[in-house]
Amino acid sequence: MKHIPLVQSDPLLKPFEKSIIQRFRKGKLKELEITDGKNPLKDCTNNYLYYGLHKTEIGWIFREKAPNAKQIFLFGDFSYWQIKDQFALHSIGDGDWEIEIPHSFLKHGEQYRLWMVWQDGADDRLPAYVTRVVQDPVTKVFSAQVWDPEPYIWKNTIPSRPTFPLIYEAHIGMSSQNPEIASYISFKNEILPRIKKLGYNTIQFMAIQEHPYYGSFGYQVANFFAPSSRFGTPEELKELIDDAHELGISVILDIVHSHAVSNVKEGLSYFDGTPSLYFHDGTRGTHPVWDSRCFHYGKNETILFLLSNIKYWMENFRFDGFRFDGVTSMCYLNHGIGVNFVNYNQYFDSNVDEDALIYLQLANTLIQQLRNDPLTIAEDVSGMPGMACPLDLGGIGFQYRMSMGISDYWGKTIKEVPDEKWNVGEIFFKMTDKRVEEKTISYAESHDQAMVGDKTIIFRLIDKEMYSSMMLESHTPIVDRGIALHKMIRLVTLSLAQGGYLNFMGNEFGHPEWIDFPRVGNDWSLYYARRQWNLVDDPKLKYARLNHFDQEMISLINSNPILDNQAIPYVRNQEQQLLIYNRGGFLFVFNFHPTQSYTDYEVYAPTGNYRIILNSDSLQNGGFGNIDDTIDYPSFSKDNVPFLRLYIPARTCFVLEKVDGQ
């Protein structure tokens, strides 16, 4: 690579062109090392087919990588949980161990673990490549489980990747209305139809990779190849994904390759008696904030483990792609903690973990070899240039990056800025200030804002009045303000998105309260780790109206090529707090003023007749019905320039479509 298109699109990268070229070449050299230059990467990342427990025609075979081990035994139900020599693995070189077992010795559903012996100690472990882990309800001990069911038969084809992902971020376990841990099947039967009706074209599943602590939200992973048994069986997860595909909905996995849980008995930490089989040694091997283990991306054992993990989820479960969690933590030696990324030097200095960037390049290379149109998203708060730029243009290769600053902006604005000082020019800038060569996923709020310790947008706006004033006939200034701004914030965020949009499960209808997983502090209660669908299903409550607005908003984007075009601002009047822009031929009108309405407001619009097709003020969308959306709005000429005259009530937004020309 001699000339880098990424640099040509951003001249500020010119001083770092050599670094970008060097990184690209190192990535190619590492790929050649792994593939020996003979096969594509997808054919050389099959660790999950080699290691772990596998049934063959003549029996079972189990393999494990543990270079520091002196002895390894399988023990479990089949050995009455005794360590027996007949179940000892033997070394086959290169740190690998193996045992062959007759079919009759292992039965579907039996549990087992490893007994690992090293130079100065011994302990039990779960296999690194285990694909099924269950927890004893009494002892709370996690064990591997022999899993040999009838193979799942896929019924549906994989849908094409949506041009603009409209993502419904979801957690299986907390998707029930009841204080319980929900299942893959209950999600399929009860939540999937809601997502389809709302119009979201992509589901992002959290907490699928097995994690010992439920309250970690799935971000402290122990068993990377095991779908969480809390929610059901692997086949039930496949059935859920299969049914989503039947509805034309893509499914992506919120994958955690940025760190691993520090638990020893359940996870990979000190797996073979050493801290550094897959991780960095010393202080660099432990995350200072998350208290988890940090992967060593320069080691082939780690790279092949993680790349194999990607292929496993795509091949075995037909995930359509991934949202990579914690990318910022991966890319910098200090994990980006306390760093305000304000200049380009910070993306290329000695704080950057180049091994991690090379791994991410390899991961994206693999994903694109496995699927013609995958969906990959980087959760990177640092804004590293090229993160969501194709590899052959000098980037890291993700299709999208999370636009994480938008949710921070809304939280700060609601909390700190009086309504009459909301800056409409700043709103437009914050929504659209993205690198032109990279696509982003915009969101007003995600699961992060719904957790205990933070607040969702609706809770920031309404707070305790959610408990007393959400009946349709009830009107208080606080609730009326909150309902109006909730809709406006979501529409302006979505309609100015530069690639896609994300919503966390339940936030579309203004789900009250927070998420609090069972823990000591709440006496292990599941009360707040659920979704109160009964609220949105009650037509007497305002939640149903917010839900209807979200459905209409998503339908508008699904039905029209709005996001194909750049937004053209027509009005950014700070004194009037009016924001009006054209995108894709549609006119988006926002009046953020808390009290001032405008009658016969003249706004430029291409010649034609216009009709309101989305109206936050309609009764069915939780408004007051002050805007007549049944009439056409014809343009008129003023000094040979076409204009519309509009009535724009305070705290409303609506969208006009040109229905014919003049």
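The values are calculated or read from the model by the stated rules, or taken from the named source; none is laboratory data. Computed from a predicted structure; not experimentally measured. So basically every Cβ, Gly included, is an ideal-geometry build from the backbone, and we count neighbours across all protein chains shown. Accessible surface is based on the protein model in full, side chains and every heavy atom, while ligands, DNA and RNA are left aside. Shrake-Rupley method; radii C 1.70, N 1.55, O 1.52, S 1.80 Å.
Go over the candidates K421, K464 one by one and state the one that is of a type in the set (K, R) and farther than 30 Å from S216 by Cβ.
Values: K464 fails: farther than 30 Å from S216 by Cβ.
On inspection, the qualifying residue turns out to be K421.
Of all residues in region 76-115, which are aromatic (F, W, Y), without any contact (Cβ under 8 Å) to a residue 24 or more places away in the chain and touching a Ser or Thr at 6+ places or on another chain (Cβ under 9 Å)? Spell out how you get there, then give the answer.
Filtering region 76-115 for residues aromatic (F, W, Y) gives 78, 80-81, 87, 97, 105, 112, 115.
Those left that are additionally without any contact (Cβ under 8 Å) to a residue 24 or more places away in the chain: 80-81, 87.
F87, the sole residue that qualifies.
Based on what the data block shows, is D10 modelled with pLDDT under 95 and in contact with a Lys or Arg (Cβ under 8 Å, 6 or more places away or on another chain)? Reasoning before the result, please.
On the way: modelled with pLDDT under 95: yes; in contact with a Lys or Arg (Cβ under 8 Å, 6 or more places away or on another chain): yes.
The answer is yes for D10.
Can you go through I631, I627, I648, I613 and tell me which one is crowded, with 22+ Cβ neighbours inside 10 Å and either more than 37 Å from the chain's Cα centre (by Cα) or not small (G, A, S) (or both)? Spell out how you get there, then give the answer.
Values: I631 fails: crowded, with 22+ Cβ neighbours inside 10 Å; I627 fails: crowded, with 22+ Cβ neighbours inside 10 Å; I613 fails: crowded, with 22+ Cβ neighbours inside 10 Å.
Every option except I648 fails the conditions.
Please state which one of V134, V146, V130, V117 is surrounded by 16 or more Cβ atoms within 10 Å (Cβ to Cβ) and touching a helix residue (DSSP H, G or I) at 6+ places or on another chain (Cβ under 6 Å). Full working, then the answer.
Details: V146 fails: touching a helix residue (DSSP H, G or I) at 6+ places or on another chain (Cβ under 6 Å); V130 fails: touching a helix residue (DSSP H, G or I) at 6+ places or on another chain (Cβ under 6 Å); V117 fails: touching a helix residue (DSSP H, G or I) at 6+ places or on another chain (Cβ under 6 Å).
Of the residues listed, the single one that is surrounded by 16 or more Cβ atoms within 10 Å (Cβ to Cβ) and touching a helix residue (DSSP H, G or I) at 6+ places or on another chain (Cβ under 6 Å) is V134.
For the condition at pLDDT below 95, out of contact with any Pro (no Cβ under 8 Å at 6 or more places or on another chain) and in a helix (DSSP H, G or I), what is the one hit in I21, I34? Give the derivation first.
On the way: I34 fails: at pLDDT below 95.
Result of the check over I21, I34: I21.
So is K464 at pLDDT below 95, open to solvent by 70 Å² or more (accessible area, probe 1.4 Å), among the basic types (K, R) and in a helix (DSSP H, G or I) or not? Break it down into steps so the answer makes sense when it comes.
Details: at pLDDT below 95: yes; open to solvent by 70 Å² or more (accessible area, probe 1.4 Å): yes; among the basic types (K, R): yes; in a helix (DSSP H, G or I): yes.
Yes, satisfied.
If the Cβ limit is 7 Å and pairs must be 6+ apart or interchain, which residue in region 452-466 that is closer than 16 Å to M488 by Cβ pairs with which residue that is of a type in the set (K, R)?
Within 7 Å, the pairs are R460/K415; L461/R481.
Where residues in region 298-309 are open to solvent by 10 Å² or more (accessible area, probe 1.4 Å) and out of contact with any strand residue (DSSP E or B) (no Cβ under 8 Å at 6 or more places or on another chain), which of them is farthest from N46 (Cα to Cα)? Give the derivation first.
The first filter runs over region 298-309 and keeps only residues open to solvent by 10 Å² or more (accessible area, probe 1.4 Å), leaving 298-301, 304.
Narrowing further to those that are out of contact with any strand residue (DSSP E or B) (no Cβ under 8 Å at 6 or more places or on another chain): 298-300, 304.
On the way: G298: 19, K299: 17, N300: 13, L304: 8 Å.
Only one residue tops the list, namely G298.
Output the number of residues of region 510-532 satisfying the condition of being surrounded by fewer than 24 Cβ atoms within 10 Å (Cβ to Cβ) and at positive phi.
Within region 510-532, residues that are surrounded by fewer than 24 Cβ atoms within 10 Å (Cβ to Cβ) and at positive phi number 3.
Name the residues in region 164-189 that are open to solvent by 50 Å² or more (accessible area, probe 1.4 Å), in contact (Cβ under 8 Å) with a residue 60 or more places away in the chain and either out of contact with any Phe, Trp or Tyr (no Cβ under 9 Å at 6 or more places or on another chain) or farther than 19 Å from P227 by Cα (or both), would you?
Step one: of region 164-189, the residues open to solvent by 50 Å² or more (accessible area, probe 1.4 Å) are 177-181, 189.
Going one step further and asking which of them are in contact (Cβ under 8 Å) with a residue 60 or more places away in the chain, we end up with 177-181.
If the condition is that a residue be open to solvent by 50 Å² or more (accessible area, probe 1.4 Å), in contact (Cβ under 8 Å) with a residue 60 or more places away in the chain and either out of contact with any Phe, Trp or Tyr (no Cβ under 9 Å at 6 or more places or on another chain) or farther than 19 Å from P227 by Cα (or both), then Q177, N178, P179, E180 are the ones that fit.
Using the structure shown, decide if G453 is small (G, A, S), touching a Lys or Arg at 6+ places or on another chain (Cβ under 9 Å) and surrounded by fewer than 17 Cβ atoms within 10 Å (Cβ to Cβ). Lay out the reasoning, then the answer.
On the way: small (G, A, S): yes; touching a Lys or Arg at 6+ places or on another chain (Cβ under 9 Å): no; surrounded by fewer than 17 Cβ atoms within 10 Å (Cβ to Cβ): yes.
Taking the combined requirement at face value, the residue does not satisfy it.
For region 495-528, give me each residue that is in contact with a helix residue (DSSP H, G or I) (Cβ under 8 Å, 6 or more places away or on another chain) and of a type in the set (D, E).
E508, E513, D516
Which condition number does N507 fail, the rest of (1) under 23 Å from P193 (Cβ atoms); (2) surrounded by 16 or more Cβ atoms within 10 Å (Cβ to Cβ); (3) touching a strand residue (DSSP E or B) at 6+ places or on another chain (Cβ under 8 Å) being met?
(3)
Residue-wise test of (1) aromatic (F, W, Y); (2) touching an Asp or Glu at 6+ places or on another chain (Cβ under 8 Å); (3) in contact (Cβ under 8 Å) with a residue 12 or more places away in the chain.
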{"residue": "N309", "(1), (2), (3)": "no, no, yes"}
{"residue": "E315", "(1), (2), (3)": "no, no, yes"}
{"residue": "G326", "(1), (2), (3)": "no, yes, yes"}
{"residue": "S329", "(1), (2), (3)": "no, no, yes"}
{"residue": "G336", "(1), (2), (3)": "no, no, yes"}
{"residue": "N340", "(1), (2), (3)": "no, no, no"}
{"residue": "Y344", "(1), (2), (3)": "yes, no, yes"}
{"residue": "D355", "(1), (2), (3)": "no, no, yes"}
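List pairs: first in region 367-391 and free of Cβ contacts under 8 Å to residues at least 40 places away in the same chain, second of a type outside the set (A, V, I, L, M, F, W, C), Cβ under 8 Å, 6+ apart or cross-chain?
Going by the 8 Å Cβ cut-off, the qualifying pairs are Q368/P374; Q368/G397; P390/G397.
S350 is checked against (1) more than 23 Å from Y400 (Cβ to Cβ); (2) outside any helix (DSSP H, G or I); (3) touching a helix residue (DSSP H, G or I) at 6+ places or on another chain (Cβ under 9 Å); (4) not basic (K, R) and fails just one. What number does that condition carry?
Single failed check for S350: (3).
For the structure I just gave you, tell me whether E445 is in a helix (DSSP H, G or I) and touching a residue at least 40 places away in the same chain (Cβ under 8 Å). Outline the logic, then answer.
Working: in a helix (DSSP H, G or I): no; touching a residue at least 40 places away in the same chain (Cβ under 8 Å): yes.
Taking the combined requirement at face value, the residue does not satisfy it.
Among L362, L333, which is the only one that is under 21 Å from the mean Cα position of the chain (by Cα) and aliphatic (A, V, I, L, M)?
On the way: L333 fails: under 21 Å from the mean Cα position of the chain (by Cα).
The unique qualifying residue is L362.
Just name the residue that is farthest from the chain's Cα centre (by Cα) out of those in region 379-405 that are surrounded by fewer than 23 Cβ atoms within 10 Å (Cβ to Cβ) and aliphatic (A, V, I, L, M).
L393
Does N340 qualify as being surrounded by fewer than 23 Cβ atoms within 10 Å (Cβ to Cβ) and part of a helix (DSSP H, G or I)? Write out each step before concluding.
Working: surrounded by fewer than 23 Cβ atoms within 10 Å (Cβ to Cβ): yes; part of a helix (DSSP H, G or I): no.
The answer is no for N340.
Keeping to region 614-662, report how many residues are closer than 17 Å to N591 by Cβ, of a type outside the set (D, E, K, R) and not in a strand (DSSP E or B).
Final tally of qualifying residues: 11.
Taking interchain pairs and intrachain pairs at least six residues apart, which have beta carbon atoms under 9 angstrom, with the first residue in region 243-267 and within 9 Å of P159 (Cα to Cα) and the second open to solvent by 40 Å² or more (accessible area, probe 1.4 Å) and small (G, A, S)?
Every condition considered, the pairs that remain are G248/S160; S250/S160.
Examine region 561-578 for a residue that is among the acidic types (D, E), open to solvent by 20 Å² or more (accessible area, probe 1.4 Å) and over 25 Å from G248 (Cβ atoms), and state whether such a residue exists. Explain how you work it out, then say what you get.
Keep residues of region 561-578 that are among the acidic types (D, E), which gives 564, 575.
Next, only the ones that are open to solvent by 20 Å² or more (accessible area, probe 1.4 Å) stay: 564, 575.
When the remaining residues are screened for being over 25 Å from G248 (Cβ atoms), the result is 575.
Yes, that holds for at least one residue.
Going residue by residue through region 43-57, is there one that turns out to be over 27 Å from F105 (Cβ atoms), in contact with a helix residue (DSSP H, G or I) (Cβ under 8 Å, 6 or more places away or on another chain), open to solvent by less than 40 Å² (accessible area, probe 1.4 Å) and not acidic (D, E)? Show your work before the answer.
To start, the set of residues in region 43-57 that are over 27 Å from F105 (Cβ atoms) comprises 43-45.
Add one more test, that the residue is in contact with a helix residue (DSSP H, G or I) (Cβ under 8 Å, 6 or more places away or on another chain), and what stays is 43-45.
Now restrict to residues that are open to solvent by less than 40 Å² (accessible area, probe 1.4 Å): 44-45.
Then keep just the ones that are not acidic (D, E); that gives 44-45.
Yes.
Checking the structure you have, find out if any residue of region 284-295 is assigned to a loop (DSSP other than H, G, I, E, B) and crowded, with 23+ Cβ neighbours inside 10 Å.
So in region 284-295, the residues assigned to a loop (DSSP other than H, G, I, E, B) come out as 287-292, 294.
Now drop any that are not crowded, with 23+ Cβ neighbours inside 10 Å, which leaves 292, 294.
For region 284-295, residues assigned to a loop (DSSP other than H, G, I, E, B) and crowded, with 23+ Cβ neighbours inside 10 Å: present.
Do the conditions hold for T376, that is, is it outside any loop (DSSP other than H, G, I, E, B), modelled with pLDDT of 95 or more, surrounded by fewer than 24 Cβ atoms within 10 Å (Cβ to Cβ) and not small (G, A, S)?
Details: outside any loop (DSSP other than H, G, I, E, B): yes; modelled with pLDDT of 95 or more: yes; surrounded by fewer than 24 Cβ atoms within 10 Å (Cβ to Cβ): no; not small (G, A, S): yes.
No.
Out of T139, T157, I need the residue that is in contact with a helix residue (DSSP H, G or I) (Cβ under 9 Å, 6 or more places away or on another chain) and either open to solvent by 60 Å² or more (accessible area, probe 1.4 Å) or among the hydrophobic types (A, V, I, L, M, F, W, C) (or both). Which one?
On the way: T139 fails: in contact with a helix residue (DSSP H, G or I) (Cβ under 9 Å, 6 or more places away or on another chain).
After applying the criteria, what remains is T157.
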